[in-house]
Amino acid sequence: WDDPAREAGRREGLRFGRQMNAFFLDRVPEAEWDYLLAKCRKMGYAFANVCWKPVSNWGDMEPQPGKYDFAALDRLVGRLDRHGMTAALMLTTLTGSPPAWWVERHGADCQLTVTEIDRQTRQPVKVQRGINLFHAPTGEALAKFLTAYAAHCKAAWPKAVEGVYVEGEQRELEAPADE
């Protein structure tokens, strides 16, 4: 901008970050994360939008009823925090999954039934995917998990987690129609 005051305000208010998902976190050895995060910070990244199964999928973080495993979350947020970056965490629903014990207890009702094309046969097949928020018991169980997740983030990382988003892994426009 030509106006020096506007330019100063833009620079002060403009924050940018990067997406951290399976493409980055599963393909880069964990031993190299610190090196890459230090480079990100040096380039001016202030935060990371994180959508990675171990920290974004309910089914991976509640292995038993009411028992939560936030170790991967703590490891990742801790690393971001050490490099002066915050985390904007995303929890998956459309592409996520309820815990295996929940699916065992409630069957197909707790997930969405969608039609996909089988890659080998090229025929339509019905599959269970996502978390069916319209199934009342599943919605209530997810709400308990979300409460525990938020409480953990608030207690363990009050300044390192800047937000938690719950959506379909940035695919809400492609949401599958439930049968």
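With the requirement that a residue be among the aromatic types (Phe, Trp, Tyr) and under 23 Å from residue 72 (Cβ atoms), what does the range 87-137 give you? I'd like the intermediate steps shown before the answer.
Applying the first criterion (among the aromatic types (Phe, Trp, Tyr)) to the range 87-137 yields 101-102, 134.
Within the range 87-137, 101, 102 qualify.
Could you tell me which of the residues 22, 46, 31, 72 is in contact with a Lys or Arg (Cβ under 6 Å, 6 or more places away or on another chain) and of a type in the set (A, V, I, L, M, F, W, C)? Reasoning before the result, please.
Details: 22 fails: in contact with a Lys or Arg (Cβ under 6 Å, 6 or more places away or on another chain); 31 fails: in contact with a Lys or Arg (Cβ under 6 Å, 6 or more places away or on another chain); 72 fails: in contact with a Lys or Arg (Cβ under 6 Å, 6 or more places away or on another chain).
Residue meeting the stated conditions: 46.
Identify, from the list 81, 34, 74, the residue that is of a type in the set (D, E, K, R) and within 15 Å of the chain's Cα centre (by Cα). Don't jump to the end; show me each part of the working.
Working: 81 fails: within 15 Å of the chain's Cα centre (by Cα); 34 fails: within 15 Å of the chain's Cα centre (by Cα).
Criteria check complete, one pass: 74.
So is residue 92 touching an Asp or Glu at 6+ places or on another chain (Cβ under 9 Å), modelled with pLDDT under 95 and surrounded by 18 or more Cβ atoms within 10 Å (Cβ to Cβ) or not? Please lay out each step first, then the result.
Working: touching an Asp or Glu at 6+ places or on another chain (Cβ under 9 Å): yes; modelled with pLDDT under 95: yes; surrounded by 18 or more Cβ atoms within 10 Å (Cβ to Cβ): yes.
Spelling it out, residue 92 is indeed touching an Asp or Glu at 6+ places or on another chain (Cβ under 9 Å), modelled with pLDDT under 95 and surrounded by 18 or more Cβ atoms within 10 Å (Cβ to Cβ).
For the range 68-124, name all the residues that are hydrophobic (A, V, I, L, M, F, W, C), touching a residue at least 60 places away in the same chain (Cβ under 8 Å) and either out of contact with any helix residue (DSSP H, G or I) (no Cβ under 9 Å at 6 or more places or on another chain) or outside any strand (DSSP E or B) (or both). Before you say what the answer is, go through the steps one by one.
Of all residues in the range 68-124, those hydrophobic (A, V, I, L, M, F, W, C) come to 70-73, 76-77, 80, 85, 87-91, 94, 100-103, 108, 110, 112, 114, 117.
Remaining after also requiring touching a residue at least 60 places away in the same chain (Cβ under 8 Å): 70, 73, 77, 80, 85, 87-91, 94, 112, 114.
70, 73, 77, 80, 85, 88, 94, 112, 114, listed by residue number.
This table checks each residue for (1) surrounded by 16 or more Cβ atoms within 10 Å (Cβ to Cβ); (2) at pLDDT 95 or above.
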site	(1), (2)
73	yes, yes
98	yes, yes
112	yes, no
154	no, yes
173	no, no
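Select from the range 28-67 the residues that are outside any loop (DSSP other than H, G, I, E, B) and under 15 Å from residue 96 (Cβ atoms) and list them in ascending order. Talk me through it step by step, then tell me what you get.
Kept after step one, since they are outside any loop (DSSP other than H, G, I, E, B), are these residues of the range 28-67: 30-42, 45-51, 53-56, 58-61, 64, 67.
Once the filter is applied, which keeps residues that are outside any loop (DSSP other than H, G, I, E, B) and under 15 Å from residue 96 (Cβ atoms), the range 28-67 yields 50, 51, 53, 54, 55, 56, 58, 59, 60, 61.
With the structure loaded, tell me whether residue 127 is outside any loop (DSSP other than H, G, I, E, B), more than 20 Å from the chain's Cα centre (by Cα) and either surrounded by fewer than 16 Cβ atoms within 10 Å (Cβ to Cβ) or not aliphatic (A, V, I, L, M) (or both) or whether it fails that test. Walk me through how you get there before you give the answer.
Numbers: outside any loop (DSSP other than H, G, I, E, B): yes; more than 20 Å from the chain's Cα centre (by Cα): yes; either surrounded by fewer than 16 Cβ atoms within 10 Å (Cβ to Cβ) or not aliphatic (A, V, I, L, M) (or both): yes.
Taking the combined requirement at face value, the residue satisfies it.
The values are calculated or read from the model by the stated rules, or taken from the named source; none is laboratory data. Worth saying up front: this structure is predicted, and the values here are computed from it rather than measured. A quick note on method: Cβ atoms are made from the backbone with ideal geometry, for glycine too, and the neighbour counts reach across all protein chains shown.
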